[in-house]
Amino acid sequence: MSQQVQGVISRAKGAPVELTTVVVPDPGPGEAVVRVQACGVCHTDLHYREGGINDEYPFLLGHEAAGVVESVGTGVTHLAPGDFVVLNWRAVCGECRACRRGRPQYCFDTHNADQRMTLLDGTELSPALGIGAFAEKTLVAAGQCTKVDPAASPAAAGLLGCGIMAGIGAAVNTGGVTRGDSVAVIGCGGVGSAAVAGARMAGAARIIAVDLEERKLEWARGFGATHTVNAREADPVEAIRELTGGFGADVVIDAVGLPQTYEQAFYARDLAGTVVLVGVPTPEQRLDLPLLDLFGRGGALKSSWYGDCLPSRDFPMLVDLYTQGRLDLDGFVTEEIGLGDVEEAFARMERGEVLRSVVRL
């Protein structure tokens, strides 16, 4: 029997979000209904509201979430009602060419729930990243649920569902940061600060945080940055080189996703160093670099999609580090808000006032 819950939707491009009634069907084969306990306000949700992802309005927003499984459909064997889970948008298929090669973190056929949640009039909703967790309950594919230690705070654990995993994974999984490396992170919001934390976890010797705002640089220091550069006051490339003996960093992570920040990352790396793009560019952006520089500098240019994570492997491990006091996920939670406060949270996020606002239910 379907349920009626409260959820936050975006009806049209640029329009303020609305709190309204959402109909959640019973889970079908391979699906689960999750009672959401917390959901972070991520910039991707704002991208959906602004039409930056697609135009399949109305959207049920929210995707960076943790909660408790309420019910499961037929064929679901790895979940049971009562399980505490972090939701993910990479439910691996197990059958595509990446999965068959033993690289499920690159799965090319991730899946979502087959059924759609709706409005009261039957209008189908498009759940953000296949999740739609700005709601009291949501319907997802069972593979989008990753069981973790229930001792973890839902507000903290849920952030692994997107931004924090993207940042940590950009450093650890994609960038391959290891002991003694020098790392520079350009852009120190939630994702960039998580990349700083990931570099620290991996044993980087020097972690250089770059941003335009002192508030964000202070956040980065709290997560392990050894040096900071205010890009309003100094050229980031020159500053990073100066802090690395004139050579550039071993790994430079662009957590902004603009052509100019990517170019800075490219020239701020050491010869044979690695550039990781984790900031999300918009479709119209273009990059112009001399081909000879691409050839002559060597190294690797990588993009990091979801931090190249495998949720079943990475989420439980990171939650364990959190419960052991070795990963400060609580530090990313700037404020806890209600479902009706999402529009204001978007404004605070755009002004750079928060690392993460988290909706608590």
R360 versus A98: modelled label distance in nm, points set 7 Å from Cα along the beta carbon direction: 3.6
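Give the shape of region 88-172 as rounded, prolate or oblate, defined through the alpha-carbon gyration tensor: a ≥ b ≥ c are the square roots of its eigenvalues, a/c under 1.5 means rounded, and otherwise the shape is prolate if a/b is larger than b/c and oblate if not.
Verdict is oblate for region 88-172.
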Check each of the trypsin sites (Lys or Arg not before Pro) in region 132-209 and keep only those in coil by DSSP with at most 10 other C-beta atoms within 10 angstrom; list them in order. R179
The answer for GluC sites (Glu not before Pro) in region 55-116 that fall in a DSSP coil and have at most 16 neighbouring Cβ atoms within 10 Å is E56, E95
Taking 0.36 nm per residue of sequence separation and subtracting the Cα-Cα distance, how much length would be gained by fully extending the chain between Y106 and A300, in nm to one decimal? 68.1 nm
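Full-extension gain between E242 and L289, please, as 0.36 nm times their residue separation minus the C-alpha to C-alpha distance.
14.6 nm
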Please report the relative contact order for the chain, taking Cα pairs under 8 Å with a sequence separation of at least 6, and give it as a percent rounded to a whole number. 17
Mind jotting down the distance between the C-alpha centroids of region 1-54 and region 80-140, whole Å? 12
Expressed as a fraction of 2.2 N^0.38 Å, the rule-of-thumb size for a compact globular protein of N residues, what is the C-alpha radius of gyration of the chain? 0.98
On average, how much accessible surface per residue is there in the chain, in Å², for a 1.4 Å probe, leaving out ligands, DNA and RNA? 42
Listed by chain and number, the lysines with an alpha carbon less than 29 angstrom from that of K137, same-chain partners under 8 positions apart left out, are K13, K147
Using only Cα atoms and rounding to the nearest 10 degrees, what angle (0 to 90) does helix 190-201 make with the longest principal axis of the chain? 60
What are the semi-axes of the equivalent ellipsoid of region 141-206, taken as the square roots of 5 times the eigenvalues of the Cα gyration tensor, listed largest first and rounded to whole Å? 25, 12, 11
For a test of the definition: using alpha carbon positions, the gyration tensor, and the 1.5 limit on a/c, classify region 165-308 as rounded, prolate or oblate. rounded
Virtual spin-label span in nm between D320 and R232, 7 Å along Cα→Cβ: 4.3
How large is the charge dipole for the chain, taken about the Cα centre, if only the Cβ atoms of Lys, Arg (+1) and Asp, Glu (-1) carry charge, to the nearest 20 debye? 920
Region 190-337 - charge dipole about Cα centre, Lys and Arg +1 at Cβ, Asp and Glu -1, debye rounded to 20: 400
Mind running the shape call on region 30-182? Use the C-alpha gyration tensor, a ≥ b ≥ c as the square roots of the eigenvalues: rounded below 1.5 for a/c, prolate if a/b tops b/c, oblate otherwise. rounded
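Can you work out the FRET efficiency for the pair E344 and M1, with r the C-beta to C-beta distance and R0 = 41 Å, to the nearest 0.05?
After rounding, the FRET efficiency stands at 0.75.
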Residue (of V34, A156, V76) at the positive-pole extreme of the chain, dipole from beta-carbon charges: V76
How big is the charge dipole of region 248-292 about its Cα centre, in debye rounded to the nearest 20, if each Lys and Arg gets +1 on its Cβ and each Asp and Glu gets -1 on its Cβ? 40
In region 222-309, what trypsin sites (Lys or Arg not before Pro) fall in a loop by DSSP, with at most 12 other Cβ atoms inside 10 Å? R232, R286
At 1.4 Å probe size, with the rest of the protein present, what percent of the exposed accessible area of the chain is carbon and sulfur atoms? 48
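The values are calculated or read from the model by the stated rules, or taken from the named source; none is laboratory data. These figures come from a predicted structure and were not determined experimentally. With ideal geometry, Cβ positions are generated from the backbone for all residues, glycine too; neighbour counts draw on all protein chains shown. For the accessible areas, the whole protein counts, side chains as well, though only heavy atoms, and no ligand, DNA or RNA atoms are used. Shrake-Rupley method; radii C 1.70, N 1.55, O 1.52, S 1.80 Å.
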